[in-house]
Amino acid sequence: MKIAFVGKGGSGKTTLSSLFIRHLAATGAPVIAIDADINQHLAAALGLDEAEAAALPAMGDRLPLIKDYLRGSNPRIASAERMIKTTPPGDGSRLLRVREDNPVYDACATAVELDGGAVRLMVTGPFTDADLGVACYHSKTGAVELCLNHLVDGRDEYVVVDMTAGSDSFASGMFTRFDMTFLVAEPTRKGVSVYRQYKEYARDFGVELRVVGNKVQGRDDLDFLRAEVGDDLLVTVGHSDWVRSMEKGRPPRFDLLEDVNRHALDRLRTAVDSAYERRDWKHYTRQMVHFHLKNAQSWGNERTGADLAAQVDPGFVLGESVTASV
């Protein structure tokens with residue numbers, strides 16, 4: 001199951017995504033955690049120190065390797081250089097599975113030990129001073145989008161992505177790559193403004209969106225969120241001494257997380273697991289193709305010097321039963 005955490009900057013989305021990752025890992029579930037935010041903080045939230053976080057391999061720096069592996073023997077893709085972030089898989093493409101070893105994970109994933117389990121952590125890499133004025137951050141997150149396009153995940157397998165803040169993720173089609181999107185909102189006008197943007201943008205794409213109220217301190221905060229987001233409000237989270245210790249770099253054992261917050265994480269997992277029965281791989285593949293054709297026409301064809309619409313395999317539908325190329 002693919003899960004996105006979104007929200008305005010400072011809403012607590014990275015903290016909540018890290019708690020959810022820890023919660024899943026504690027049950028022994030296989031988890032891939034991806035930091036796709038322009039500000040790379042997920043590694044620290046999972047307990048890595050600054051030096052360890054800085055040493056993580058950046059997916060954006062390994063895009064040629066990712067493209068070459070995923071291309072496989074797909075005859076519709078003449079070369080890895082002709083692939084763009086939205087290139088869909090087809091017959092002959094190599095697919096990624098959560099429970100496997102492959103060259104992409106070898107190059108880009110780092111095993112992070114957590115209480116009760118371990119996760120694979122992948123990061124886009126930071127947006128550095130060298131990128132200012134010459135690079136778009138979406139060129140870095142393109143590696144994430146390409147991997148998600150080629151990822152086949154099943155029940156009780158989890159890919160958790162900490163997305164870039166605000167509604168910026170709508171600059172690409174990556175927002176449609178998820179079974180569940182959790183929008184973290186504070187009980188303020190600014191806190192719910194991103195929710196309204198997301199709700200409006202996602203309306204036509206069937207995006208499953210649930211709101212997690214964060215920093216909720218009392219009945220008035222709860223009533224405010226209910227009035228603003230209605231039935232999309234799934235659960236709320238308040239103050240946590242455990243989180244405060246974690247933010248100081250001294251997290252206690254995860255089983256010491258407050259019961260009320262543990263129950264909130266249970267609600268998130270129940271919502272994610274229930275979405276499995278509503279999966280529609282044909283719809284998922286159509287959306288992938290839609291955004292690829294859109295990107296091909298707007299910039300991809302000119303940049304690669306090729307008609308990228310020809311990369312679409314009209315008979316291919318991504319799904320759990322698809323056999324990957326070797």
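The values are calculated or read from the model by the stated rules, or taken from the named source; none is laboratory data. Small disclaimer: the values here were computed from a predicted structure and weren't measured. All Cβ positions, even for glycine, are placed from backbone atoms using ideal geometry, and neighbour counts span all protein chains on display. These area figures cover heavy atoms from the full protein model, side chains too; ligands, DNA and RNA do not enter into them. Shrake-Rupley method; radii C 1.70, N 1.55, O 1.52, S 1.80 Å.
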Quiz item: Limited to the stretch 282-326, what total is found for residues that are closer than 18 Å to Ala4 by Cβ and in contact with a Gly (Cβ under 8 Å, 6 or more places away or on another chain)?
Solution: 4
Quiz item: Which members of the stretch 249-265 meet the condition of being basic (Lys, Arg) and part of a helix (DSSP H, G or I)?
Solution: Arg262
Quiz item: Can you find even one residue in the stretch 53-71 that is open to solvent by 10 Å² or more (accessible area, probe 1.4 Å), farther than 16 Å from Thr124 by Cα and among the hydrophobic types (A, V, I, L, M, F, W, C)?
Solution: no
Quiz item: Quick one: is Leu234 touching a Lys or Arg at 6+ places or on another chain (Cβ under 7 Å), open to solvent by less than 50 Å² (accessible area, probe 1.4 Å), under 13 Å from Leu16 (Cβ atoms) and not hydroxyl-bearing (Ser, Thr, Tyr)?
Solution: yes
Quiz prompt | Residue tally, condition open to solvent by 30 Å² or more (accessible area, probe 1.4 Å) and either modelled with pLDDT under 95 or over 21 Å from Asn74 (Cα atoms) (or both), over the stretch 271-289 | solution = 8
Quiz item: Tell me, which helices (runs of 4 or more DSSP H) lie completely within the stretch 1-110 with 3 or more residues that are in contact (Cβ under 8 Å) with a residue 24 or more places away in the chain?
Solution: 13-26, 42-45, 63-71, 103-108
Quiz item: Can you spot a residue in the stretch 255-270 that is under 25 Å from Val144 (Cα atoms), open to solvent by 30 Å² or more (accessible area, probe 1.4 Å), at pLDDT 95 or above and not hydrophobic (A, V, I, L, M, F, W, C)?
Solution: yes
Self-check item: Pair list, Cβ under 6 Å, 6 or more apart: the stretch 239-251 residue closer than 13 Å to Ala44 by Cβ, other residue in a loop (DSSP other than H, G, I, E, B) and at pLDDT 90 or above
Solution: none
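Suppose we keep only residues that are of a type in the set (Gly, Ala, Ser) and touching a residue at least 60 places away in the same chain (Cβ under 8 Å) within the stretch 307-326. Which one would you say is surrounded by the fewest Cβ atoms within 10 Å (Cβ to Cβ)?
Per the stated criteria, the residue is Gly315.
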Exercise. Please name all residue pairs, on different chains or six or more residues apart, with Cβ atoms under 8 Å, provided the first residue is in the stretch 284-306 and is at negative phi and in a helix (DSSP H, G or I) and the second residue is basic (Lys, Arg) and open to solvent by 70 Å² or more (accessible area, probe 1.4 Å).
Key: Thr304/Arg82
